[in-house]
Amino acid sequence: MSETSEVAGAVAAAVAGARHVVHGLGAMPGIGVWDAYAMHVDSLFARWGVSGTAESVRESVYLDVCPPALRSGGERIWGDTLDLRPTAVPEGGAPASVDDLPYRDTILVRPGSPGDGDAILAGLRGLPVNVVMHAEPGRYAAQPGHVLISPSLPIASVLPRCRAVVSPGGPGIALGALAYGLPQLVLSQETGTGGGPEDGAVTHAGAALTATALGTAAVERAVRQCVPRLLEDPTFAASAAWVQVEIAAMSTPDAVVRALTAEGVPALR
């Protein structure tokens with residue numbers, strides 16, 4: 001098994017005589033990137049002297065962790081796919097420090113940099129919400145009692161206690177938030193739709209707002225404007241809940257393993 005961006009996985013499988021399976025990391029890349037990918041794969045097959053081509057790699061099973069609402073249309077690189085529920089296993093309960101926070105609503109923050117973290121905190125200042133930020137606390141000034149900064153938060157245990165997520169985007173945090181039906185603010189560091197194709201899709205699905213935030217002033221302004229909308233407009237939470245239902249209907253990891261290793265496996269569930 002290899003990840004979507006790992007060009008050597010199919011070659012290693014051929015050398016070992018093993019079956020090759022591709023594990024998606026988020027939204028499946030668009031067909032437009034295939035030529036560059038194929039060139040490297042063909043080169044590796046030739047270098048190792050094993051049979052196979054980039055086109056044969058497209059026949060591998062692809063484990064798709066992206067829920068249907070976030071998938072793009074058009075031609076797909078891999079046609080033989082199995083849905084795989086994106087799963088984050090809670091590491092016990094949330095820390096007592098999270099449960100002790102004073103407000104009803106909690107925002108999870110994953111800043112892209114300490115500077116962004118300061119700007120996000122400034123943007124949230126004045127809102128009656130708890131802020132739980134995944135970062136090194138030593139990089140920040142002392143915070144009021146409704147702000148918790150920790151480098152070792154069990155994210156999967158904290159997310160069920162949250163109302164929204166603020167982050168630079170990316171498949172892990174985007175799909176993790178949606179697995180709990182949480183709307184999110186994606187702070188893009190470049191013009192476009194965010195940290196990856198799934199970020200733009202989350203926004204298109206109505207479960208997120210995306211803001212191009214270059215510099216601390218832009219980050220603070222985006223947070224101040226967007227987070228109240230996520231909390232007050234119920235359509236964002238409703239859209240996120242719809243994607244949550246789709247994720248819950250995807251195949252469990254155990255079911256996918258059975259499907260890949262056994263004949264006559266019952267329908268995936």
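General remarks:
Let's see how each residue does on (1) part of a strand (DSSP E or B); (2) polar (S, T, N, Q); (3) surrounded by fewer than 22 Cβ atoms within 10 Å (Cβ to Cβ):
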position: 108; (1), (2), (3): yes, no, no
position: 116; (1), (2), (3): no, no, no
position: 127; (1), (2), (3): no, no, yes
position: 133; (1), (2), (3): yes, no, no
position: 141; (1), (2), (3): no, no, yes
position: 145; (1), (2), (3): no, no, yes
position: 152; (1), (2), (3): no, yes, yes
position: 156; (1), (2), (3): no, no, yes
position: 159; (1), (2), (3): no, no, no
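- Scanning region 212-245 for residues that are of a type in the set (Lys, Arg) and touching a residue at least 60 places away in the same chain (Cβ under 8 Å) gives 221, 224.
- In region 150-177, the residues that are more than 12 Å from residue 108 (Cβ to Cβ) and of a type in the set (A, V, I, L, M): 174, 175
- Search result, residues across region 59-87 that are outside any strand (DSSP E or B) and open to solvent by 50 Å² or more (accessible area, probe 1.4 Å): 59, 68, 71, 72, 73, 74, 75, 79, 80, 85, 87
- Scanning region 103-125 for residues that are among the acidic types (Asp, Glu) and farther than 27 Å from residue 213 by Cα turns up nothing.
- Cβ-Cβ distances below 7 Å connect the following pairs, each with a first residue in region 246-267 that is assigned to a loop (DSSP other than H, G, I, E, B), a second residue that is open to solvent by 40 Å² or more (accessible area, probe 1.4 Å) and at pLDDT 90 or above, and a separation of six or more residues or different chains: 250/83; 250/85; 251/83; 251/85; 252/85; 265/258.
- Among (1) open to solvent by less than 20 Å² (accessible area, probe 1.4 Å); (2) outside any loop (DSSP other than H, G, I, E, B) - the single one residue 26 does not satisfy: (2)
- Any hit, region 195-211, residues being under 20 Å from residue 113 (Cβ atoms), open to solvent by 40 Å² or more (accessible area, probe 1.4 Å), free of Cβ contacts under 8 Å to residues at least 40 places away in the same chain and in contact with a Gly (Cβ under 6 Å, 6 or more places away or on another chain): yes
- Residues being in contact with a strand residue (DSSP E or B) (Cβ under 6 Å, 6 or more places away or on another chain) and at pLDDT below 90 - total across region 141-192: 4
- Count of region 212-245 residues which are part of a loop (DSSP other than H, G, I, E, B) and surrounded by 17 or more Cβ atoms within 10 Å (Cβ to Cβ): 1
- Some residue of region 30-47 being in contact with a strand residue (DSSP E or B) (Cβ under 8 Å, 6 or more places away or on another chain) and open to solvent by less than 70 Å² (accessible area, probe 1.4 Å): yes
The values are calculated or read from the model by the stated rules, or taken from the named source; none is laboratory data. It should be emphasised that the depicted structure is a prediction, and the values quoted were computed from it without experimental measurement. We place every Cβ from the backbone using ideal geometry, glycine too, and count neighbours over all the protein chains shown. When the accessible area is computed, the model is the full protein with side chains, heavy atoms only, and any ligands, DNA or RNA have been set aside. Shrake-Rupley method; radii C 1.70, N 1.55, O 1.52, S 1.80 Å.
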